[in-house]
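S.K.: After the structure tokens below, expect a handful of questions from me.
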Amino acid sequence: MRKMTVAEAREKNAIGQSALLQGWIRTRRDSKGGFSFLELNDGSCLANIQVIADADLPNYAEQIQKLSAGCSVSIEGEVKASGGKGQETEILATGVVVHGWADAQEYPLQKKRHSFEKLREWAHLRPRTNAFGAVARVRNCVCRSIHNFFQEEGFLYVTTPVITTSDCEGAGDMFRVTTLDIDNPPKQNGTVDFTQDFFGKPSYLTVSGQLEAETYASALGKVYTFGPTFRAENSNTSRHLAEFWMVEPEMAFCTLPDNMDLAERFLKRIFNDVLQQCGEDMAFFNQRIDNTTLETLQGVLASDFVRITYTEAIDRLERSGHKFEFQPSWGHDLQSEHERYLTEEEFAAPVIVYDYPRTIKPFYMYANDDGKTVRAMDVLTPKVGEIIGGSQREDRLDILEQRMREQDLDPASYWWYGDLRRFGSTPHSGFGLGLERLVQFITGMANIRDVIPFPRTPGNAEF
Ligand code: 4AD
Ligand code: MG
């Protein structure tokens, strides 16, 4: 008998076929006519399939009539046309095998709807809910789309290390990796002696694969890295995780405007793929989570991203007359309320802000001739704010080293990064897209903790 997913069995062309379906019961309803309706879900799509189990089945009274939410089953049967609302097909069962029971008194997902906060305590069970199943499928679609886009554009996928000894963003928000005995570390002149540590020097979980991606771009042209990154910043917001996934393209012979073009094309491709491939899940988000989601995505696809300098952004914020909690002022980072004002009210579209003050951006960004700004770009979206951060990179060694010293970094410890400028330097650019911020934007989910399977945030790393 052919094994079939619920998604396949829901298709009209499955009618008439015999099938084996395997999944978890969502509900059971007994009819007076001597049969039961079982709603079966296997995660292949949002919808369940209705199974009709007749009282003639040998284990009807003993097992089928005891099925409840969460039980796992194999169903053999025939796919029939269904007269029911919202379904083309249903299964007429010829056999039901119960693999695992789920005690109705104890199973947490029994009937009652739970808040997303409550479901975070059950990260092991929440993928069985409609919302988290839909998030998982959309996230998968986005990841596939990311790889497809870059592969089709001729980028090479490079994996960069998770453990590193360089601080890419120069912000110091890094998790230390060590095998030293923290109760009794070896010391030299009163400080911890990291020469005795596993790598012979202080090492950390990476905040970004960019610096390593630059080395490959400096040989292979267009590359991208896509992996987990870690930030030890104490930010308890709906947009910050301590562990998140970032995709980072890096291109030799590429300036900031080309970088912006790529970012815009890239995002639009992903939105388009999700709308095409995840229609049912997106309809769910639009109905249950945020009823502007579909309209927003379609609007973004149909429009050009706005591009303004940081200076103009500050100017517009100052002249807006809007009451902000933090007054915008030149030389300070944009707050999320500023990002939201620009994208939601001023332009009602994604906005690429570029040429930021050099004092608030990392050492590796290309210094403009004005002596005040660097060729940075942030892509801001409605609701979520910054989803991409990138720049043209400083390719002049002397200026790079000067910028490092300005930020109290020792050029000697970035000697290999300097070599990329010493030998065959090119104008080059790249950016980082936060996967979870993107999935948040697409789905309309309010909290970033609900778009990653196992969220890590300050004070929270269950499992
Ligand atoms: O702006 P960021 O810090 O840029 C970089 O790390 C560069 N090295 C990227 C590059 O040019 N290759 O981070 C890039 C993106 C942000 O725009 C945001 O979407 C996401 O990563 N991000 C976070 N997402 C979730 N939680 C956090 N704590 C995040 N920090 C950054
Ligand atoms: Mg940033």
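Derivation of every value follows stated rules applied to the coordinates shown; laboratory data play no part. If you're wondering where the values come from, they're calculated on a predicted model, not measured in any experiment. Using ideal geometry, Cβ is built from the backbone for each residue, glycine included, and neighbour counts are taken over all protein chains shown.
S.K.: Stretch residue 22-residue 199 to full length: gain in nm at 0.36 nm per residue minus the Cα-Cα span?
M.R.: 58.9 nm
S.K.: If each DSSP helix of 4+ residues adds -39,500 (n - 2.57) and the sum is divided by the residues in the chain, what number results at 222 nm, nearest 500 deg cm²/dmol?
M.R.: Using -39500 (n - 2.57) per qualifying helix, the result is -8000 deg cm²/dmol.
S.K.: What full-extension length gain, to one decimal in nm, is calculated for residue 192 and residue 59 as 0.36 nm per residue of separation minus the Cα-Cα distance?
M.R.: 41.1 nm
S.K.: Each label point is 7 Å from the Cα along the Cα-to-Cβ direction; what then is the distance between the points at residue 327 and residue 255, in nm?
M.R.: 3.7 nm
S.K.: Ok, one more. Among the listed pairs 323/383; 3/66; 32/80; 3/112, which have their C-alpha atoms separated by more than 28 angstrom in this model?
M.R.: 3/112
S.K.: Using a ≥ b ≥ c from the Cα gyration tensor of the stretch 179-288 (square roots of the eigenvalues), is it rounded, prolate or oblate, where a/c under 1.5 gives rounded and otherwise the larger of a/b and b/c decides, a/b for prolate?
M.R.: The shape class here is oblate.
S.K.: Another question about this same structure. Using the number of other C-beta atoms within 10 angstrom as an exposure proxy, rank 258, 355 with the fewest first.
M.R.: 258, 355
S.K.: Something else about it: Between residue 152 and residue 345, what is the label-point separation in nm under the 7 Å Cα-to-beta-carbon projection?
M.R.: 3.8 nm
S.K.: Mind jotting down a quarter of the surface of the convex hull over the alpha carbons of the stretch 152-228, in square nanometres, one decimal?
M.R.: 6.5 nm²
S.K.: For residue 143, project a label point 7 Å along Cα to C-beta. Then give me every residue of the stretch 215-254 with its amide nitrogen under 14 Å of that point.
M.R.: 226-229, 244-247
S.K.: Nearest 10 degrees, 0 to 90: what angle lies between the long axis of helix 256-277 and the longest principal axis of the chain (Cα atoms)?
M.R.: Around 0 degrees separate the two axes.
S.K.: What nm value, rounded to one decimal, do you get for the distance between residue 184 and residue 118 when each label is placed 7 Å out toward the C-beta?
M.R.: Label at residue 184, label at residue 118, 4.9 nm between them.
S.K.: Also, I was wondering about something else. If Rh is defined by the Kirkwood formula over all Cα pairs and Rg also comes from Cα, what ratio Rg/Rh do you get for the stretch 377-444?
M.R.: 1.15
S.K.: What length, rounded to one decimal in nm, is gained on full extension from residue 265 through to residue 176, with 0.36 nm per residue of separation minus their alpha-carbon distance?
M.R.: 28.4 nm
S.K.: Oh, and also: By how many degrees, 0 to 90 and rounded to 10, does the Cα axis of helix 130-152 deviate from the longest principal axis of the chain?
M.R.: So the inclination is approximately 50 degrees.
S.K.: So, one more: Please tell me the relative contact order of the chain in percent, rounded to the nearest whole number, where contacts are Cα pairs under 8 Å and at least six residues apart.
M.R.: 13 percent
S.K.: Given axes a ≥ b ≥ c from the Cα gyration tensor, I'd like to know whether the stretch 102-174 is rounded (a/c under 1.5), prolate (a/b larger than b/c) or oblate.
M.R.: oblate
S.K.: Where does helix 293-302 land angle-wise versus the long Cα axis of the chain, in degrees 0 to 90, nearest 10?
M.R.: For helix 293-302, the angle is close to 50 degrees.
S.K.: Mind putting together the pair-distance distribution for the stretch 45-149? All Cα pairs, 10 Å bins, whole percent per bin, short to long.
M.R.: Bin by bin from 0 Å, the calculated values are 12, 31, 34, 19, 3, 0.
S.K.: Follow-up. Which of the GluC sites (Glu not before Pro) found in the stretch 1-45 are loop residues per DSSP with 16 or fewer other Cβ atoms within 10 Å of their Cβ?
M.R.: Qualifying residues, ordered by number: 11.
S.K.: Then there's this: Restrict the search to the stretch 277-361; then list the trypsin sites (Lys or Arg not before Pro) that DSSP places in a loop and that have at most 16 other Cβ atoms within 10 Å of their Cβ.
M.R.: Here the trypsin sites (Lys or Arg not before Pro) that fit, given the DSSP loop and packing criteria, are 323.
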